[in-house]
Amino acid sequence: MYQFPIGVIVDSFRLPLEEAIAAAAKLGVQGMQMYATYGATSPEEMDAAKRRELRKLVQEGYGLKFSALCGDLGRGFTDPELNPSLVEKSKRIVDLALDLGTNIVTTHIGVVPEDPNHPRFEIMAKACRELAEYADSVGAHFAVETGPEPAVVLRRFLDSLNSKGVSVNFDPANLAMCIGEDPAESVYVLKDYIVHTHAKDGVMIRRDDPNNIYAHIPLPDDIGEDESYRELPLGTGAVNFPKYLKALDDVGYKGFLTIEREVGDNPAADIALAVDFLRKTIKEG
């Protein structure tokens, strides 16, 4: 039997925040993640009193803990003109995370080029080095979500930073849906950096350029509108969860499996099924 606590991204319920927290607690999970980029839960809107109030609500009111915050600003770090403001905003999200009781902020950084000599590689690396330095100084992690590039490419990029301040939020579905990579095998590649995971499933419909999927650069005019991938309820897509969880256990990962459900007509039902599916798979491990 594996030892993985289960969490839920409460935004997936598509409910007001406290209702979503209550819905997560009702499922008997141990943790939650929430978006902390814009609006009422952004660093700008959450003063010290609101942070204390929310942390108390989550921990004492509902018996949960924050597994991480989501700090994805929707741009990645591919634009040298925008990066300074995005980096500063990301630092403030880390400060918020620490005040709420977690030291992990998940984010997308853009598509890492396979060629380290590509101009975008150094643009992204410069931003991530600054993020890593700040995270190291406060004992935190910016956790890069898997999917835009093969695990070996991401590993090479992370190694170049010489820091664990920028680590990995392992999303198995993104790897399966977007680049057709076996999530379990990728765990072994990225094992030294994994600090958080998303429990998500899906299937690739047609192979597409990851730059089109993640859209942090201008898209070509002739790009089609057909789906290249489809997110599916846990256990119904291309992710082999028994093999994937075994890989996580093999590399010594003990952190959260945080359920993410971005689509679907009845997310609450899908999340409940996902919790049951994970419990069963964990028990059988």
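The values are calculated or read from the model by the stated rules, or taken from the named source; none is laboratory data. In this text, all values refer to a predicted model and were calculated from it rather than measured experimentally. In this analysis, Cβ positions are derived from the backbone assuming ideal geometry, glycine residues included, and neighbour counts consider all displayed protein chains.
Here is how the numbers come out for the structure above:
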| read-out | value |
| --- | --- |
| Out of Ala143, Ala127, Ala97, sole residue that is small (Gly, Ala, Ser), assigned to a strand (DSSP E or B) and closer than 21 Å to Tyr38 by Cβ | Ala143 |
| Set Ala36, Ala68: member being in contact with a His (Cβ under 8 Å, 6 or more places away or on another chain), surrounded by 17 or more Cβ atoms within 10 Å (Cβ to Cβ) and either charged (D, E, K, R) or at pLDDT 95 or above (or both) | Ala68 |
| Within segment 39-51, tally of residues that are out of contact with any Asp or Glu (no Cβ under 8 Å at 6 or more places or on another chain), surrounded by fewer than 17 Cβ atoms within 10 Å (Cβ to Cβ) and assigned to a helix (DSSP H, G or I) | 3 |
| Options Thr106, Thr78: the member that is crowded, with 20+ Cβ neighbours inside 10 Å, under 13 Å from the mean Cα position of the chain (by Cα), of a type outside the set (A, V, I, L, M) and closer than 25 Å to Ile179 by Cβ | Thr106 |
| Selected residue (criterion: farthest from Met124 (Cα to Cα)) from residues of segment 81-103 that are among the polar types (S, T, N, Q) and over 16 Å from the mean Cα position of the chain (by Cα) | Ser85 |
| Residues being among the hydrophobic types (A, V, I, L, M, F, W, C), crowded, with 21+ Cβ neighbours inside 10 Å and part of a strand (DSSP E or B) - total across segment 226-285 | 2 |
| Given (1) farther than 19 Å from Thr197 by Cβ; (2) touching a helix residue (DSSP H, G or I) at 6+ places or on another chain (Cβ under 6 Å); (3) aliphatic (A, V, I, L, M); (4) in contact (Cβ under 8 Å) with a residue 60 or more places away in the chain, index of the condition Leu161 fails | (4) |
| Within segment 161-198, tally of residues that are under 13 Å from Ala140 (Cα atoms) and acidic (Asp, Glu) | 0 |
| Residue in segment 175-194 that is assigned to a strand (DSSP E or B), surrounded by 18 or more Cβ atoms within 10 Å (Cβ to Cβ) and either in contact with a strand residue (DSSP E or B) (Cβ under 7 Å, 6 or more places away or on another chain) or at pLDDT below 90 (or both) present | yes |
| Segment 207-252, residues that are more than 19 Å from Val187 (Cα to Cα), modelled with pLDDT of 80 or more and among the charged types (D, E, K, R) | Arg207, Arg230, Glu231 |
| So Ser12, is it under 22 Å from Ala268 (Cβ atoms), of a type in the set (S, T, N, Q) and out of contact with any strand residue (DSSP E or B) (no Cβ under 6 Å at 6 or more places or on another chain) | yes |
| Qualifying positions in segment 141-158 - charged (D, E, K, R) and under 11 Å from His196 (Cβ atoms) | Glu145 |
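For (1) closer than 23 Å to Ser137 by Cα; (2) out of contact with any strand residue (DSSP E or B) (no Cβ under 7 Å at 6 or more places or on another chain), each residue gets a yes or a no:
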position: Glu44; (1), (2): yes, yes
position: Asp47; (1), (2): yes, yes
position: Arg51; (1), (2): yes, yes
position: Tyr62; (1), (2): no, yes
position: Leu69; (1), (2): yes, no
position: Gly74; (1), (2): no, yes
position: Asp79; (1), (2): no, yes
position: Val94; (1), (2): yes, no
position: Val105; (1), (2): yes, no
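This table checks each residue for (1) within 30 Å of Pro150 (Cα to Cα); (2) not in a loop (DSSP other than H, G, I, E, B).
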| residue | (1), (2) |
| --- | --- |
| Gly63 | no, no |
| Ser67 | yes, yes |
| Asp72 | yes, no |
| Pro80 | yes, no |
